[in-house]
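Have a look at the structure below before the remarks.
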Amino acid sequence: WGPDMLQEPPRIGNQWTDDPYLQSILRRHIPKSPATEIARDLDHFGQRVATDVLEMCDDACMNEPQLQAYDAWGKRVDKIITSKGWRALHDVSAQEGLVATAYERTHKEFSRLHWAAKAYLFAGSSALYNCPLAMTDGAAQVLEQSNDQWLKETAFRNLTTRDVQKFWTSGQWMTERAGGSDVSAGTETYSEPIPEGSHPWATHRLYGVKWFSSATECDMTLTLARDSGDGTDSSQSKGKLSMFFVQMRSPDGSLNGIEILRMKNKLGTRQLPTAELKLNGAYARKVGATGTGIKQITTMVNVTRLWNSIAAIGSMRRVLAIARDFAAKRYAFGQMIAQQPLHVEVLASMETELKACSQLVFEVARLMGRVECKVATDVDRALLRILTPITKLYTAKQGLAVVIEGMEAIGGQAYIEDSGIPSIIRDSHVLPIWEGTTNVQSLDLLRSITTQPSSLSLLLSNLLLRAQTSSSANLSNSFKQTLNEVVGEVIEASRVIEALRTVNKSRQWSEATARMFAFLLARITCTTLLAEHAAWSGLESDLAVVRRRLIEPSPIESLRRIINSGQSWLDDAKLVVGECKATDPKLYRPYGPSYRSSL
């Protein structure tokens with residue numbers, strides 16, 4: 001080092017080839033023939049998210065959307081101006097099938113896993129374009145199940161196409177001035193029926209204010225409104241919440257009875273156009289039967305919650321990729337930090353959490369694919385229902401913790417805006433809030449167990465069976481010992497849960513403990529899935545992840561185990577992290593928006 005020496009900046013490489021754990025998850029779940037084809041697609045896309053898509057991402061992050069309310073002569077136009085990078089991400093999303101992959105079902109029930117892996121690779125370079133894609137996927141799910149042929153032939157087809165010129169994105173306008181997740185009580189928007197045949201496709205007009213509309217430049221939305229009464233059955237339908245399809249603009253390009261009141265000034269996700277809207281008689285088409293709005297929203301939300309979870313592990317993965325690369329080129333206190341035991345320990349902790357959350361996310365994607373392709377068992381359906389809120393709440397909270405840890409692992413420069421790290425931190429703060437906060441998810445879990453009491457027993461018995469099967473595999477004694485501990489943890493957790501259910505005699509008590517209960521279920525599910533994966537792979541590095549996972553909750557117990565295990569604890573950390581390698585500077589530019597090239 002001399003006075004003119006500068007720190008070599010971090011880079012990221014192909015995010016598929018650099019992620020052997022992701023590769024192994026897909027190999028475990030997908031038969032060899034489709035897995036090979038899927039791997040080729042992911043290799044191609046993994047390279048793109050580190051090169052041209054990353055350029056689009058940085059351009060979108062550096063050029064936030066603006067609202068042009070009026071033209072030069074005072075005419076109200078309400079035009080949202082987005083960046084070239086944001087618009088380019090729309091085209092990439094269509095071309096790469098970031099929604100279409102799940103609906104083409106080229107690989108049958110494994111198509112959702114293919115989609116999940118691709119969405120995961122995209123997350124870190126998406127500039128939050130995965131938000132409109134999440135709502136697009138959720139809308140497509142609802143419309144695919146609809147009996148309305150017009151909606152299927154227009155909206156659904158455009159939502160799931162790979163044609164850039166035809167590809168639509170969807171919004172999701174649920175939050176109103178009353179705010180919060182209680183849309184049943186907080187929705188004031190109402191609908192008025194129009195004479196049949198008076199509009200090419202609409203059945204109603206909507207009136208009200210949507211306080212928070214993400215991806216406001218979208219082509220359409222599915223939203224809720226109260227029925228004001230439809231003809232002869234007005235007394236039965238009045239006030240009920242129904243779902244409506246709304247196109248954002250009329251054929252001439254003008255807004256469809258919609259006024260954009262203002263853009264939202266947010267902590268993060270600033271590259272994502274978010275606005276407050278007033279519906280002044282927006283033309284709309286009712287989706288499904290009167291009063292079924294909440295049920296249909298649930299279908300949407302289950303999809304968007306999975307997207308939220310993928311965004312969480314994608315953010316973890318991106319920060320960890322940067323931190324690992326940086327560790328291989330940062331020299332401090334006489335050696336590279338990748339060789340310093342405490343730094344290795346920090347990276348190992350981050351890696352363990354990422355792998356635990358990844359197992360949870362890809363398990364939900366696997367189950368969703370089975371349900372969508374109608375090959376799911378009753379157990380599959382019950383597990384999907386109970387694991388969806390668990391996965392959303394857990395990955396969101398852990399994702400935020402890991403990206404903050406990643407900033408610290410990189411150091412002071414990661415606090416500087418043009419390093420690209422602060423935007424990841426800010427954007428991650430929305431993950432525990434979007435699609436229901438941690439409390440909302442915990443109460444939703446409680447509701448699902450209350451309405452389907454057998455679902456909890458099914459989950460616990462399924463976890464125990466999988467843990468026992470893993471521990472009985474033909475493996476070394478060290479594997480068996482650790483995997484037997486997982487069996488013990490599942491049994492002990494089941495005892496605690498049963499004791500909790502015995503004590504929980506009142507609703508207040510049940511709700512007060514719902515959060516702890518949800519995190520306990522998340523923890524034992526993650527640990528079991530990690531153990532199952534380790535038994536399948538037979539790799540010591542995967543077993544090391546399980547060992548670390550078993551001792552994380554209690555610092556006292558952790559230290560006691562570390563003391564008893566001696567040097568093997570550090571050896572485990574090294575196994576979990578593996579070798580940190582510097583990304584080839586000839587192939588990839590430094591990370592951060594200040595290095596972006598013009599599009």
The number of residues in the stretch 273-286 that are open to solvent by less than 10 Å² (accessible area, probe 1.4 Å) and either at pLDDT below 95 or part of a strand (DSSP E or B) (or both) is 7
Which residues, counting only those in the stretch 137-149, are touching a Phe, Trp or Tyr at 6+ places or on another chain (Cβ under 7 Å) and either in contact (Cβ under 8 Å) with a residue 60 or more places away in the chain or among the β-branched types (Val, Ile, Thr) (or both)? Asp137, Leu143
Checking Thr36 against (1) open to solvent by 20 Å² or more (accessible area, probe 1.4 Å); (2) of a type in the set (Ser, Thr, Tyr); (3) under 22 Å from the mean Cα position of the chain (by Cα), only one condition comes out false. Which one? (3)
Which of the residues that make up the stretch 418-454 are within 24 Å of the chain's Cα centre (by Cα) and of a type in the set (D, E, K, R)? Arg426, Asp427, Glu435, Asp444, Arg447
Reported set for the stretch 469-485 where residues are surrounded by 15 or more Cβ atoms within 10 Å (Cβ to Cβ) and out of contact with any Leu (no Cβ under 9 Å at 6 or more places or on another chain) is Lys480, Asn484
Complete set of residues in the stretch 322-349 that are within 23 Å of Leu54 (Cα to Cα) and either part of a helix (DSSP H, G or I) or not aliphatic (A, V, I, L, M) (or both): Ile322, Ala323, Arg324, Asp325, Phe326, Ala327, Lys329
Can you spot a residue in the stretch 287-305 that is outside any loop (DSSP other than H, G, I, E, B) and more than 24 Å from Asp444 (Cα to Cα)? yes
Go through the stretch 445-543 and tell me which helices (runs of 4 or more DSSP H), entirely inside it, have 2 or more residues that are more than 28 Å from Arg305 (Cα to Cα). 454-471, 477-503, 514-537
Checked the stretch 17-46 for anything touching a Phe, Trp or Tyr at 6+ places or on another chain (Cβ under 7 Å) and in a loop (DSSP other than H, G, I, E, B); matches are Ile30
Does Lys374 fit the bill of being open to solvent by 10 Å² or more (accessible area, probe 1.4 Å) and either out of contact with any helix residue (DSSP H, G or I) (no Cβ under 9 Å at 6 or more places or on another chain) or at positive phi (or both)? yes
Name the pairs whose Cβ atoms lie under 9 Å apart, with the first residue in the stretch 30-44 and on the phi < 0 side of the Ramachandran plot and at pLDDT 95 or above, the second among the aliphatic types (A, V, I, L, M) and not in a helix (DSSP H, G or I), and 6 or more positions between them or separate chains? Ile38/Ile30
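Table: residues versus (1) over 27 Å from Asn302 (Cα atoms); (2) among the hydroxyl-bearing types (Ser, Thr, Tyr); (3) in contact with a Ser or Thr (Cβ under 7 Å, 6 or more places away or on another chain).
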{"position": "Ser419", "(1), (2), (3)": "yes, yes, no"}
{"position": "Trp434", "(1), (2), (3)": "no, no, no"}
{"position": "Val487", "(1), (2), (3)": "yes, no, yes"}
{"position": "Glu492", "(1), (2), (3)": "yes, no, no"}
State whether the residues of the stretch 233-255 include one that is at negative phi, in contact (Cβ under 8 Å) with a residue 40 or more places away in the chain, open to solvent by less than 20 Å² (accessible area, probe 1.4 Å) and in a loop (DSSP other than H, G, I, E, B). yes
Mind telling me which of the residues Leu465, Leu520 ends up being modelled with pLDDT under 90 and either open to solvent by 30 Å² or more (accessible area, probe 1.4 Å) or of a type in the set (A, V, I, L, M) (or both)? Leu520
Within the stretch 495-511, considering residues that are polar (S, T, N, Q) and at pLDDT below 70, the one least open to solvent (accessible area, probe 1.4 Å): Asn504
Which residues, counting only those in the stretch 418-431, are surrounded by fewer than 22 Cβ atoms within 10 Å (Cβ to Cβ) and at pLDDT 95 or above? Pro422, Ile425, Arg426, His429, Val430
Within the bounds of the stretch 473-492, is there any residue that is at pLDDT below 95, among the polar types (S, T, N, Q) and within 23 Å of the chain's Cα centre (by Cα)? no
For the condition hydroxyl-bearing (Ser, Thr, Tyr), modelled with pLDDT of 95 or more, surrounded by fewer than 20 Cβ atoms within 10 Å (Cβ to Cβ) and farther than 26 Å from Gly180 by Cα, what is the one hit in Tyr415, Tyr331? Tyr415
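The values are calculated or read from the model by the stated rules, or taken from the named source; none is laboratory data. Computed from a prediction, not measured in an experiment: that's the story for all the values here. Cβ sites come from the backbone with ideal geometry, for glycine too, and all protein chains shown count toward neighbours. Calculation scope for accessible area: heavy atoms of the full protein, side chains included, ligands and nucleic acids excluded. Shrake-Rupley method; radii C 1.70, N 1.55, O 1.52, S 1.80 Å.
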